[in-house]
Structures are given as C-alpha cells and as structure tokens.
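Presented below is the structure to which this report refers.
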Amino acid sequence: MYILGISCYYHDAAAALLKDGIIVAAAEEERFSRKKHDSSFPIKAIKFCLESQNITIKDIAYIGFYEKPLLKLERVLFQHLQMFPWSYKTFLSSLPSWINEKLRVPQIIRKKLKYKGDIFFIHHHLAHAASSFLVSPFEKAAILTVDGVGEWTTTAYGLGQGNKINLLKEIRFPSSLGLLYSTITGYLGFSINNSEYKVMGLSPYGLMDREKNEYYHRLKTIIDVKDDGSYQFDMDYFAYHYKDRMPSPKLCLLLKGPVRQPESELTQRHKDIAAALQMVTEDIMHRMLNHVYKVTGCENLVLGGGVALNSVGNGKILTSTPFKNIWIHPNATDGGNSIGVAAYVYNVILGHKRRFVLQSPFLGPEYSTGDIKTFLNKNNIKFRELSRDEIVPQTAKLINDNLVIGWFQGRMEWGPRALGARSILSNPCNQEMQEILNLKVKHREKFRPFAPVVCEDDALNYFDCDIPIPRPTDFMLMVYPIKKEWRKKIPAVTHVDGSGRLQTIRREINPLYYDLIKEFGKISGIPILINTSFNIRGEPIVCTPEDAYNCMMGTGIDCLVMDNYLIWRKDNLQHVWDSEKYAKD
Ligand SMILES: [Fe+2]
C-alpha cells in the first residue's frame, strides 16, 4: 500500500511516499524547481516519489495533507476582524492565494495529479507530532511541537505510544515562540523563515549572560512565562498579526534602535539582541520541557516544528531537563510534515503497527553511474574515471591539499542540511579555510562558522557530547562544545564560543562518507571534515549532476567527485567564475 504525504502553500513544499509503512522517498520541491523555500504545489517532488518506485498515481491508496485549510482560514478571518482596519491591506493581499490555492487544495490535488482516492487533512501540529514521533526509535515518547503557527496552534505537547498520539495542551496564535524568533530575525535585518539559524549563529558574539545582557531583561518584560512554560506575548510589540512586517514601532523602542538594514554593519547591540533572543528561547523551551516531563513521566522526548532546528538550544536539553533520550526529525519544519501525514494516515487512521525508524536521511533522487557518464559525455566535460577503491584515498588527499571539493554521491538528503550526499567538503585544520570557502563559494556573513562532520566512534575524542550521543546529531541538529585542546587545531569549524554544530556519521548509514573521513584522519591526524551544503548562498542545495557541475563551474570549487568521476574545474574553463553575482538570500 502506497500513501503520499504533501506539504505546500506556506513555505518549503515537499512530498513523501510511504510503502507498507516504510518511507521510501521524500524531497522538497525547491530542489527540482531551483527556487529556495519554494511553497508551490510540489508536483516535481511528487513525480520523483512516484518514479522512484516505478508507480503511477493510480497506485496511491491515500493522500495526506499537512494542515486543515478551513480551520486556518477561520484563524486568518478572526485575526483580520480583530485587527480591522489595520489588517485590511495584508488581508486583501492574501486573498488571491486563499481563493486560488489554499481553499482549493482538494480540487488542485485531484486535477494536478488526476487522483480519485481519499484525501486526509491532518491538523498541522498533529502532523508535526506525527513526523517526530511515528518515525522515531521510541515506542513511547513525550512530544513537544513548536513552530510559527499552524491553524491556530503555535505550541503543543502530548504523549505518543505505539501508534497513538495524544496532544494534551496547546498555546494559540498570536503568542508564538517561533514567530518571536522570526520577528527578531527580521528586526536584525535577516530574512524571516530562512535566516533564523543565522541569528542563532550570531548569538555567541553577544553577551550570553542573563544578569548583564540588558536586552534579555527587556525581552522578558513583553513575554509572560508561567511556571509550566506556557507563555503569552504583549502584542503591542509585534505587528505580524495584522501586517506583513513583524516588529512593531514599540519593539524598536524597546530594543533601542530601528530595524537593521540587510547587509549593513552588525554592531555589538545587534549581537547582544541575538544573544538575548537565544537565551529567552532556551529558557522557555527548557521550562516547557520540564513541565512536559512532569506531566508525561516519560524519559524519551521527540521535538517537532521549526524551533526544533535550534541546534544550540537542542544541545543543552539533556543537561537542562530530566529527559534521557531525544529524537528530532531531520526536516523538523513544515516540509517534514509530508512524512508526518503519510505516517499518520498509515499508523493512526488505518491503525497499522509502526514499522519504520527514520535513521538515514538519504531519501531523495539518485543518479546511476551510467546516467552521470552520459551527462558528462553529452556536455563534453573533461573527467577522470576512478575505480571504487580510488574514490576515498584520492578525495582525502585533495582535501588534505586544501582543495575545496564538491561531493555528490548517492541519494540526496532530506531536510535543510547537507549530510554527505550533496556536500562541499574541505580541510578544517586550515586556519584560512573559512575565508577560502567564503571567497570561493559561499559568500556568507563572516560571523557564520562552518560545520564539522566526524565519525560517531571518534566524536567523543573531540566534542563534549551527551553520552550516549543522541541520534539527532546524525542530522546536524545538536551543537556541542569542542574539547578545549582541539579548538585551535580545527579553527575552521570552531565557533567563537568554542562550539561546533557537528554531524556524526555511522558506517552503516553511509560507508563511503564514513571511510572518507577516516582516511582524511589517517593523512592529517584529525578525522574531521568541514561539511557545508553544496550550493551558492541563496540557492537550494544541488540535486542533479547538472546542478552540481554548474555550481562548481560558477564558483571556485576546485573539483567535483561525482559517483566514480573526478571533474576538475580548471580542466573545464568554459564559464567565468562569478558566483558573487548569484549570492543573495
Ligand atoms: Fe509548522
């Protein structure tokens, strides 16, 4: 039995395919359409899912959708009436998408896919809860979901057991921890629903001291947090409930300055505000989690919703709460709900036992050796064919020689992070590497560190991880301190506070990637690589061999290791290196 899950029309549209209870394919639309955070109907992602199993839409038994559009409209109307006339303009501008898309989801699904079966619309936070619990390794777990907003809900908690999910309590719009993070992200001059992780990366440059950071105290005055972690905002400081911008003039007064212009100088005040936001977020999360533990009495925790991507906060959960084990979906935002709804239909609605744990994030498209060779030959691209045994030693040597490598192997990753299938890899021991990568490829803000990848069996030598190492580390979802003695030896991946957003890798999940890191360790003495996403700033991660080749040729990536083929940029100088032109958010 095949079930298709769909998320779309807000941001990060995605599709996932479940076969007899097992997720067999999942991908975001942006990877195919090449529009970052593409929210449109994921027709290309669905096509990929079906083709990956050699099936057609006739083979799909059920479709699940990641929210209830009518309930969401009810909230939008209520919000509009409450804030009228200030909300009039925003409401008017949102009408076409409601009329043409969001209220017509069933018709659109039937028309675009020629689908005649049943469609289930799942409450948005239930979909987040399902995406985090039903594919987790736990038989029983406490669940916390925190995002911007679903229909009405912005935060919910409950308990999952077997194939049942019971959400016990919720916090409703307009108070929203996710929207607080987005509001301050916008206030600091970064793009919302996109650059929240940059604010998280900026926070250690600010005053991470609850006593001394005045913005921390200021932010706390506008949020009423109860002992159980439930919270309520003073909405005078926000504008997102009636305007298309998020901070209100009163928030600018509170934070002692205007909204920062994008790309303008980042002052200490901006950094302190980022630190204050991160501390407030962690305070609320930890207080909620302590309460959730008290209510559920369960030592296993799963997290869902965009706030679950806050890897800095995640790294502190097991030391700040009584939870012993944690699992987070690699695609914890709305895209991941496509897996959530497919699993919800199969396990909860149809009542089947759970049969799948999401261990490997490699659920996207793959290209055969033959496909890649055909592409290279057709485009007269010069390459060298490597034997399977040569790939690892050759690549490790190139990385040790301080070259920047495009690494394209196997099925594409699921979720926002590159995890070793579509990655740019380089040498973390080189002091200059951060600058080289920024100059050649990424053009990103100087304050942002690169992430390290390490084999799981080596991780505790270099990082102060929780023990045993939690599984979300496989998906780069936990930030931990780098051991003091190693910080200076891996400067390119050490953040200003000595932390690293590490990915751990086990051999059974990706043997080639694992072997490469080990081989680099043999040559350099340190089995750690820089792993950054294979894209130019502002573009989606590459998907096809053509995307990968174009990305290399448009940047300063030195060579591409694509399946068995080694392709040098310098051998193929047809294009001018001009990634700067494309680098934008
Ligand atoms: Fe969400």
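The values are calculated or read from the model by the stated rules, or taken from the named source; none is laboratory data. Just so we're clear, the structure is a prediction, and the values are computed from it rather than from any experiment. A quick note on method: Cβ atoms are made from the backbone with ideal geometry, for glycine too, and the neighbour counts reach across all protein chains shown. Just so you know, the surface numbers come from the protein's heavy atoms only, side chains and all, with ligands and any DNA or RNA stripped out. Shrake-Rupley method; radii C 1.70, N 1.55, O 1.52, S 1.80 Å.
Mind checking which aspartates and glutamates have their Cα closer than 15 Å to the Cα of residue 483? Skip sequence neighbours fewer than 8 apart in that chain.
Within the straight-line limit of under 15 Å, residue 483 reaches these aspartates and glutamates: 458, 464, 466, 497.
Principal axes first, then extents: for the Cα atoms of region 387-449, list largest minus smallest coordinate on each axis, whole Å, largest first.
Reported extents, whole Å, longest axis first: 38, 30, 16.
Of all the C-alpha pairs in region 251-383, what % are more than 17 Å from each other? Working shown, then result.
Details: 6529 of 8778 pairs.
Summing the P(r) tail past 17 Å for region 251-383 gives 74 percent.
Which Rg and Dmax, in Å, describe the Cα atoms of region 22-91?
Both quantities, over Cα of region 22-91: 17.7, 53 Å.
Å³ per residue of the Cα convex hull, for region 204-245? Provide the component values of the computation, followed by the final result.
On the way: hull volume 4.8 nm³, N = 42.
Taking the convex hull of the Cα positions in region 204-245, it is 114 Å³ per residue.
Could you work out the relative contact order of region 399-460, using alpha carbon pairs under 8 angstrom and six or more residues apart, expressed as a whole percent? Can you show the working numbers first?
Working: 52 pairs, mean separation 16.6, N = 62.
Contact order relative to length: 27 percent.
How many Å² of accessible area per residue for region 356-422, probe 1.4 Å?
Values: 2830 Å² over 67 residues.
Each residue of region 356-422 exposes 42 Å² on average to a 1.4 Å probe.
Apply 1/(1 + (r/R0)^6) to the Cβ-Cβ distance of residue 379 and residue 56, taking R0 = 51 Å, and write down the FRET efficiency to the nearest 0.05. Don't skip to the end; give the middle numbers.
Numbers: r = 31 Å, r/R0 = 0.61.
The formula returns an efficiency of 0.95 here.
Eight or more residues apart or on different chains, and alpha-carbon atoms under 16 Å: count the Lys pairs in region 41-192 matching that.
16
Using per-residue counts of other Cβ atoms within 10 Å, averaged over each peptide, order 45-55, 198-208, 306-316, 163-173 from highest down. Before the final figure, lay out each step's value.
On the way: 45-55: 19.0, 198-208: 21.5, 306-316: 24.1, 163-173: 16.5.
Result, highest mean first: 306-316, 198-208, 45-55, 163-173.
For the chain, with all protein chains present and a 1.4 Å probe, just round the carbon and sulfur fraction of the accessible area to a whole percent. Before the final figure, lay out each step's value.
On the way: 12030 of 23000 Å².
The C+S portion of the solvent-accessible surface of the chain is 52 percent.
Just going by the charge dipole of the chain, with Lys and Arg at +1 and Asp and Glu at -1 on Cβ, which of 533, 340, 477 is farthest out on the positive end?
340
Among the listed pairs 35/316; 198/316; 220/316, which have their C-alpha atoms separated by more than 23 angstrom in this model? Display every interim value, and only then the final one.
Numbers: 35/316 34 Å; 198/316 19 Å; 220/316 20 Å.
Beyond 23 Å: 35/316.
Which of the DSSP-defined H helices in the chain satisfy a minimum axial length of 27 Å, computed from C-alpha atoms, and a minimum mean Kyte-Doolittle hydropathy of -1.0? If you can, show how the numbers build up before the last one.
Details: long enough: 268-296 (41 Å, -0.34).
Long hydrophobic helices here: 268-296.
HN-Hα J couplings of region 471-482 from phi, Karplus 6.51/-1.76/1.60, θ = phi - 60°, integer Hz, Gly and Pro as x?
Per residue, the Karplus-derived 3J(HN,Hα) values read 4, x, 5, 4, 10, 6, 10, 10, 9, 10, x, 7 Hz.
Percent of alpha carbon pairs in region 284-349 separated by more than 19 Å?
Tail fraction, whole percent: 39.
Taking amide H atoms as placed 1.01 Å from N in the peptide plane, list the residues 5 or more away in sequence, or in a different chain, whose amide H sits under 5 Å from that of residue 120.
63, 64, 65
Using a Cα-Cα cut-off of under 14 Å, which aspartates and glutamates could be cross-linked to residue 440, ignoring same-chain neighbours fewer than 8 residues away?
Cα-Cα hits under 14 Å: 432, 558, 578, 580.
Which aspartates and glutamates does residue 19 reach when only Cα atoms under 17 Å apart count, and residues fewer than 8 places away in its own chain are ignored?
51, 59, 118
Please state the equivalent ellipsoid semi-axes for region 208-279: what are the square roots of 5 times the Cα gyration tensor eigenvalues, largest first, in whole Å? Could the numbers behind the result be given before it?
Details: eigenvalues 85, 68, 18 Å².
Equivalent-ellipsoid dimensions as semi-axes: 21, 18, 9 Å.
Grab the beta carbon distance between residue 320 and residue 93, set R0 = 51 Å, and tell me the FRET efficiency rounded to 0.05. Please report the intermediate quantities before stating the final value.
On the way: r = 42 Å, r/R0 = 0.81.
The value I calculate is 0.75.
What accessible area per residue, rounded to a whole number of Å², is obtained for region 493-570 using a probe radius of 1.4 Å? Provide the component values of the computation, followed by the final result.
Working: 2100 Å² over 78 residues.
Counting only protein heavy atoms, the per-residue value for region 493-570 is 27 Å².
Could you give the radius of gyration (one decimal) and Dmax (whole number) of the Cα atoms in region 170-220, in Å?
Values for region 170-220 (Cα only, Rg and Dmax): 12.2, 34 Å.
Return one whole number: the accessible area per residue of region 1-96 in Å², for a 1.4 Å probe. If you can, show how the numbers build up before the last one.
Numbers: 4260 Å² over 96 residues.
Each residue of region 1-96 exposes 44 Å² on average to a 1.4 Å probe.
Give the span of region 309-422's Cα atoms along each principal axis, as three whole-Å numbers ordered largest to smallest.
53, 38, 25
Can you list residues whose amide H is under 5 Å from residue 531's amide H, if they're 5+ apart or on another chain and H is modeled 1.01 Å from N?
Distant-sequence amide H within range of residue 531: 451, 453.
For region 339-391, take N as its residue count and report Rg(C-alpha) divided by 2.2 N^0.38 Å. Show your work: numbers first, answer last.
Numbers: Rg = 19.7 Å, N = 53, 2.2 N^0.38 = 9.9 Å.
That works out to 1.99 for region 339-391.
Rounded to the nearest 500, what is the chain's calculated 222 nm mean residue ellipticity when only DSSP H runs of at least 4 contribute -39500 (n - 2.57) each, over all residues? Working shown, then result.
Numbers: 21 runs with 204 residues, N = 585.
Rounded to the nearest 500, it is -10000 deg cm²/dmol.
Quick one: if the Förster radius is 41 Å, what FRET efficiency do residue 78 and residue 448 give, using the C-beta to C-beta distance and rounding to 0.05? Walk me through the numbers on the way to the answer.
Numbers: r = 39 Å, r/R0 = 0.95.
Working from the Cβ atoms, E equals 0.60.
Would you mind getting the Kirkwood hydrodynamic radius of region 359-513 from its Cα pairs, rounded to one decimal in Å?
Details: mean 1/r = 0.0591 Å⁻¹.
When all Cα pairs of region 359-513 are included, the Kirkwood radius is 16.9 Å.
Restricting everything to alpha-carbon atoms, can you work out Rg to Rh for region 148-200 with a Kirkwood hydrodynamic radius? Before the final figure, lay out the partial values.
On the way: Rg = 14.2 Å, Rh = 12.5 Å.
Rounded to two decimals, Rg/Rh equals 1.14.
Give me Rg over Rh for region 449-583, both radii from the alpha carbons and Rh done the Kirkwood way, two decimal places. If you can, show how the numbers build up before the last one.
Working: Rg = 16.4 Å, Rh = 16.4 Å.
Rounded to two decimals, Rg over Rh is 1.00.
Modelled label-to-label distance, residue 107 and residue 353, 7 Å Cα→beta-carbon offset: nm?
4.4 nm
Give, as ranges by residue number, the residues of region 338-363 whose backbone N falls under 17 Å from the point 7 Å along Cα→Cβ of residue 161.
Residues 348, 353-354 qualify, since their backbone N sits under 17 Å from the label point.
Based on the Cα gyration tensor of region 1-152, what are the three equivalent ellipsoid semi-axes, each the root of five times an eigenvalue, rounded to whole Å and given largest first?
28, 20, 14
Can you give me the three principal axis dimensions of the chain from its C-alpha atoms, in Å, biggest first?
Answer, in whole Å and largest first: 64, 61, 47 Å.
Can you pull a Stokes-Einstein diffusion coefficient for region 124-259 at 10 °C (1.306 mPa s), Rh from Kirkwood over Cα pairs, as a whole number of µm²/s?
97 µm²/s
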